[in-house]
Amino acid sequence: MKIHEFQAKQIFRKYKVPTPEGSVATDPEKAAQIAANLGDFPVVVKAQIHAGGRGKGGGVQLAHSLDEVKSHAGRIIGMNLVTHQTGPEGRTVKQVLVEAGVNIDKELYLSLIPDRETASIMVIASEAGGMDIETVAAETPEKIIRVHINPLTGIQPFHSRKVCFGLNLAPEVIKEFSFMLKQLYQLFVENDCSLVEINPLVITKENKVLAIDAKMDFDDNAMFRHKDLLAFRDLDEEDPLDVEASKYNLNYINLDGTVGNMVNGAGLAMAVMDTIKLAGAEPANFLDVGGGATAEMVENGFKIILSDDKVKAILINIFGGILRCDILAQGVVEAARNTEIKVPLVVRMEGTNVEEGRRILAESGLELFTAEDMKSAGDIVARIVAE
Ligand code: GDP
Ligand code: MN
């Protein structure tokens, strides 16, 4: 689960991670009020969406007067902001963060992520802050520092020293930086984060360390123990189909291709996506209805795939273990009755009660293609979407 910059900064403050003073507004009047309370110019007016690259897209503006605050806020609120992370359709801005301006001396990059390979928490830092970190990694990989922290020992002074020296920090800022990093590590662990990213983390002309951007992402599987964080969720920022799927407890991820697919088990779903790609087509989604799926879950999964306009055909591949083939077949028929199916269906199933399942499908009067194995299922569906 992602949250907005202003929300991440609220959490930062709780952990004493320094960040500029400011507050969020949904209209220009309120924005001006916040700026007036800040007392000094310039102030920064920042679009709040769950995507980076706002600066380049015109969503981050400096204002030198209350009138400028109003005009920037008026323009940004309601705008459709397109950045390299929103995709070409962009995102509608509902609110802006109005924040005290900062005298920037140096822009750094700092992030924390779990590193699966080393089973540790990895700090990534770079002197090339403010830029797209993927570009830095591709063009000047030597400018990226990585420090692994064993979660059993937690962050130690030597970890901070490695990061500070790697960033060529001036001696005057090392103490403050190390304190900030220690706090950030605490924040990361206690909130079950999957990402904390500050780009840029700035050193001001007054030698202060300040997070002027803040991105946080949380492990969805840990949200049950962070009920307070759920209040930060902004459904407008999430893919509507993902939101719908999460209501039904389906493991669904919307993708770019044209072949919708419904599979039971994450491993089989991965294999099916590979099969679709090998056959020359692209999956439109990942959907694992789960090992213990019911006919109702199959129907819900079906509805979600069918409401996705880019889907030109659907491949259903079920191994009937706990979910028996006859139950699946009933779910498909049920869904077909309740939803208008506009695209061809390809079904491949195997396992418990497969004969019964095939009989139900055959007698349903539905128009579908049945495949004997995965490869031919992939080939059939790829042929259909290529037409
Ligand atoms: P992003 O483009 O979505 O990553 O948004 P950021 O919060 O990183 O802002 C983009 C850029 O605006 C930063 O890299 C800074 O260069 C600039 N910026 C943000 N806040 C301030 C500020 O207070 N003063 C100045 N001078 N520049 C700022
Ligand atoms: Mn940024």
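The values are calculated or read from the model by the stated rules, or taken from the named source; none is laboratory data. Since this is a predicted model, take the numbers as computed values, not measurements. Here the Cβ is made from the backbone with ideal geometry for all residues, glycine too, and neighbour counts use every protein chain on show.
Taking the criterion of being within 16 Å of ligand 1 (Cβ to nearest atom) and either surrounded by fewer than 16 Cβ atoms within 10 Å (Cβ to Cβ) or farther than 28 Å from GLY260 by Cα (or both), the residues of the stretch 211-236 that qualify are ALA211, ILE212, ASP213, ALA214, LYS215, MET216.
From the list THR83, THR92, the one residue that fits, being over 25 Å from ASN191 (Cβ atoms) and either modelled with pLDDT of 95 or more or more than 12 Å from ligand 1 (Cβ to nearest atom) (or both), is THR92.
Name the single residue, out of those in the stretch 54-93 being of a type in the set (D, E, K, R) and within 27 Å of ALA36 (Cα to Cα), that is surrounded by the most Cβ atoms within 10 Å (Cβ to Cβ). The residue in question is ARG54.
On the given criteria, is ILE305 surrounded by 21 or more Cβ atoms within 10 Å (Cβ to Cβ) and closer than 26 Å to ASP239 by Cβ? Considered against the rule, which asks whether it is surrounded by 21 or more Cβ atoms within 10 Å (Cβ to Cβ) and closer than 26 Å to ASP239 by Cβ, ILE305 comes out as yes. I'd like to check something: does the stretch 309-323 contain any residue that is at pLDDT 90 or above, in a loop (DSSP other than H, G, I, E, B) and either in contact with a Gly (Cβ under 6 Å, 6 or more places away or on another chain) or buried (at least 17 other Cβ atoms within 10 Å of the Cβ) (or both)? Yes; the residues of the stretch 309-323 include at least one that is at pLDDT 90 or above, in a loop (DSSP other than H, G, I, E, B) and either in contact with a Gly (Cβ under 6 Å, 6 or more places away or on another chain) or buried (at least 17 other Cβ atoms within 10 Å of the Cβ) (or both).
Of all residues in the stretch 101-119, exactly one satisfies the criterion of being over 21 Å from the mean Cα position of the chain (by Cα), more than 13 Å from ligand 2 (Cβ to nearest atom), outside any loop (DSSP other than H, G, I, E, B) and surrounded by fewer than 18 Cβ atoms within 10 Å (Cβ to Cβ), namely ASP105.
Can we say ALA222 is outside any strand (DSSP E or B) and farther than 25 Å from GLY331 by Cβ? Yes: the conditions hold for ALA222.
Picking from residues in the stretch 55-74 that are among the hydrophobic types (A, V, I, L, M, F, W, C) and in contact (Cβ under 8 Å) with a residue 40 or more places away in the chain, the one that is nearest to GLU5 (Cα to Cα) is ALA73.
Let's see how each residue does on (1) within 19 Å of LEU201 (Cα to Cα); (2) part of a strand (DSSP E or B); (3) among the small types (Gly, Ala, Ser):
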{"residue": "ALA128", "(1), (2), (3)": "yes, no, yes"}
{"residue": "MET131", "(1), (2), (3)": "yes, no, no"}
{"residue": "THR135", "(1), (2), (3)": "yes, no, no"}
{"residue": "VAL147", "(1), (2), (3)": "yes, yes, no"}
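The condition (being within 30 Å of ILE341 (Cα to Cα) and in a loop (DSSP other than H, G, I, E, B)) is satisfied by just one residue among ASP256, ASP213, ASP242: ASP256. For VAL98, indicate whether it is within 10 Å of ligand 1 (Cβ to nearest atom) and either of a type in the set (A, V, I, L, M) or assigned to a helix (DSSP H, G or I) (or both). Taking the combined requirement at face value, the residue does not satisfy it.
If you go through the stretch 274-287 and keep only what is surrounded by fewer than 21 Cβ atoms within 10 Å (Cβ to Cβ) and either within 12 Å of ASN317 (Cβ to Cβ) or charged (D, E, K, R) (or both), you end up with ASP274, LYS277, GLU282.
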